[in-house]
Amino acid sequence: MSDQPAENVRLRSALENLPAYVPGKPAADDGARRFKASSNESPFSPIAAVRAAAVASLDGANRYPDAAALQLREALGGKHGVEPAQIALSTGSVAVSGDLVRAVVGEGDEVVFAWRSFEAYPILVGSHGGISVQVPLTAHGEHDLEAMAAAITERTRLVLLCTPNNPTGPSLSTDQVEDFLSRVPEDVVVAIDEAYREFHDPATVLGTAGLFRRHGNVVLLRTFSKLQGLAGLRIGYAVAHPRLARALSQVTVPFGASVPAQAAALASLEPAAQEELARRAEWVRAERSRVLAALAEQGWQLPVSEGNFVYFPLGEQSAEFAEFADARGLVLRAYGVEGVRATIAEQEANDLLIEIAGAWRER
Ligand code: PMP
């Protein structure tokens, strides 16, 4: 390292007011049995066939990955009933969101999103010189689409919808999204972040099949990090009109989707893997219902959740509750003076969450 101080290095002024991304805390490695329920990860390792494909791919990892990721984009196109040209990949869907901001948001342009939502949004927008227009959630932790539509101005280039919403849990219906889209100017991109889609009740999940035929400005953001359990491999994608998908691939980091990440993602799209993943999603939904029912019995009133997490709107008591859980072996994620999010994790962790939530009420 140079011993010259870097004080004179010119950094962009946009960085000065940027919020920090606070990752979910790891469980302390102090020998005690602890559970990490702070990052909405899968508590399970990648499924065997997916792991095997990733490991096998390492034999070719002296070569750069297929930059166009053709095989994977074809498979994803098949899954979504779109052309491969409508799929854009990167190192996780957070990176794809960043690509989207880079592709459509210039200095001083506005990006409208609900707040509280995924904490990367204001960072991605601010770091590219955009202006975050944060529209408060309703009292039930839902997007206020009326207010979001009203927040769109001539400077708006992008709207981010998060469904199910992280960290609160509620989702948007097809009718709500269609109605919203009919009120957004066609030159404004609407990204729908569906990182938690697979945990949603399939009977009522957002219908996306016809969206691209009717709305050229829609982008779906998807990830392999949650249900597929590939958070550590970093791969996510967008489904969009070919013109938008091309724009994303123009600005993305070259070779972002690594060899093992592409191999694992591809293997997880195989029918047998899809069946196993569907069973995992079903298990998470059942655990979520069990946890929410037990908490309701204790007297908690929590927002509905369609994700792999539940949210405690504890306001000023948030940090205290997270510390209370921490001291009892469960690592949760506190959001300022708003609330605390708990990931639906392995069964023992979920049992512990119920126990801790009960103890908190009786303390
Ligand atoms: N979108 C939302 C709403 C998320 O909660 C997360 C992960 N916390 C992501 C995107 C990022 O996922 P990825 O690992 O694919 O970058």
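Rolling a 1.4 Å probe across the protein heavy atoms gives the chain an accessible surface of 47 Å² per residue.
So if we plug the beta-carbon distance of Val9 and Gln134 into 1/(1 + (r/R0)^6) with R0 = 22 Å, what FRET efficiency do we get, rounded to 0.05?
Details: r = 31 Å, r/R0 = 1.39.
Efficiency at R0 = 22 Å is approximately 0.10.
Each label point was placed 7 Å from the Cα along the Cα-to-Cβ direction; for Arg183 and Asp30 their separation is 4.9 nm.
Semi-axes, largest first, in whole Å: what does sqrt of 5 times each Cα gyration tensor eigenvalue give for the stretch 1-72?
Output for the stretch 1-72: semi-axes of 35, 27, 15 Å.
Normalising the average separation of contacting C-alpha pairs (under 8 angstrom, six or more residues apart) by the number of residues puts the relative contact order of the stretch 172-248 at 29 percent.
Shown in residue order for the stretch 197-202 are the 3J(HN,Hα) couplings computed by the Karplus curve 6.51 cos²θ - 1.76 cosθ + 1.60 at θ = phi - 60°: 3, 5, 8, 6, 4, x Hz (x for Gly and Pro).
Sort 56-66, 158-168, 127-137 by the packing proxy (mean of other Cβ within 10 Å over each peptide's residues), most packed first. Display every interim value, and only then the final one.
Details: 56-66: 12.2, 158-168: 25.7, 127-137: 17.3.
Descending packing order for the listed peptides: 158-168, 127-137, 56-66.
Residues in the stretch 57-71 carry Karplus couplings, in order, of 5, 5, 4, x, 7, 6, 9, 5, x, 5, 4, 7, 6, 4, 4 Hz; the curve used is 6.51 cos²θ - 1.76 cosθ + 1.60 with θ = phi - 60°, and Gly or Pro positions show x. Our analysis of the stretch 36-117 gives Rg over Rh at 1.04, with the two radii drawn from alpha carbon positions and Rh computed by the Kirkwood formula.
Under a Gaussian network description of the chain, with springs only between Cα atoms under 10 Å, the residue in Gly339, Gly92, Gly78 that fluctuates furthest is Gly78. Of the three principal axes defined by the Cα atoms of the stretch 223-363, the extents in descending order read 55, 34, 27 Å.
How far, in nm, would the chain grow between Ile152 and Val304 when pulled straight, counting 0.36 nm per residue and subtracting the alpha carbon separation? Walk me through the intermediate numbers first.
On the way: separation 152, 0.36 × 152 = 54.72 nm, distance 2.74 nm.
Going from the current span to full extension adds 52.0 nm.
Under the definition of Cα pairs under 8 Å and six or more residues apart, what whole-number percent is the relative contact order of the stretch 211-283? Walk me through the numbers on the way to the answer.
Details: 56 pairs, mean separation 20.0, N = 73.
Result for the stretch 211-283 is 27 percent.
Which peptide among 220-231, 316-327 comes first, and what is the full order, when sorted by highest mean count of other Cβ atoms within 10 Å?
Listed from highest to lowest mean packing, they are 220-231, 316-327.
Restricting to Cα atoms and excluding each atom paired with itself, what does the Kirkwood estimate give for the stretch 233-311 in Å? Walk me through the intermediate numbers first.
Numbers: mean 1/r = 0.0624 Å⁻¹.
Final number for the Kirkwood radius of the stretch 233-311 is 16.0 Å.
Tell me the volume per residue, in Å³, of the convex hull enclosing the alpha carbons of the stretch 42-178.
161 Å³
For Lys79, the lysines whose Cα comes closer than 29 Å to its Cα, not counting residues fewer than 8 places off in the same chain, are Lys226.
Calculate the tail of P(r) for the chain: the fraction of all Cα-Cα distances greater than 38 Å, expressed in %. Display every interim value, and only then the final one.
Values: 11685 of 65703 pairs.
Roughly 18 percent, once rounded to a whole number.
Helical content of the chain, expressed as a calculated mean residue ellipticity at 222 nm, amounts to -11000 deg cm²/dmol (DSSP H runs of 4 or more residues, -39,500 (n - 2.57) each, divided by residue number, nearest 500). Couplings 3J(HN,Hα) of the stretch 129-135, computed from phi: x, x, 10, 7, 10, 9, 9 Hz, in residue order, whole Hz [Karplus 6.51 cos²θ - 1.76 cosθ + 1.60, θ = phi - 60°; x for Gly and Pro]. DSSP beta bridges confined to the chain are antiparallel in about 45 percent of cases. Computed on the stretch 105-208, the Cα convex hull volume stands at 92 Å³ per residue. Taking the accessible area of the chain, probe 1.4 Å, and keeping the other protein chains in place, the carbon and sulfur fraction comes to 51%. Among 233-240, 284-291, sorting by the average number of other beta carbon atoms lying within 10 angstrom of each residue, highest first, gives 233-240, 284-291.
The values are calculated or read from the model by the stated rules, or taken from the named source; none is laboratory data. Every value quoted in this text rests on a predicted model; they were computed, and no experiment measured them. Backbone-built Cβ (ideal geometry, glycine too); neighbour counts: all protein chains shown. Ligands, DNA and RNA are excluded from the accessible area calculation, which covers all protein heavy atoms including side chains. Shrake-Rupley method; radii C 1.70, N 1.55, O 1.52, S 1.80 Å.
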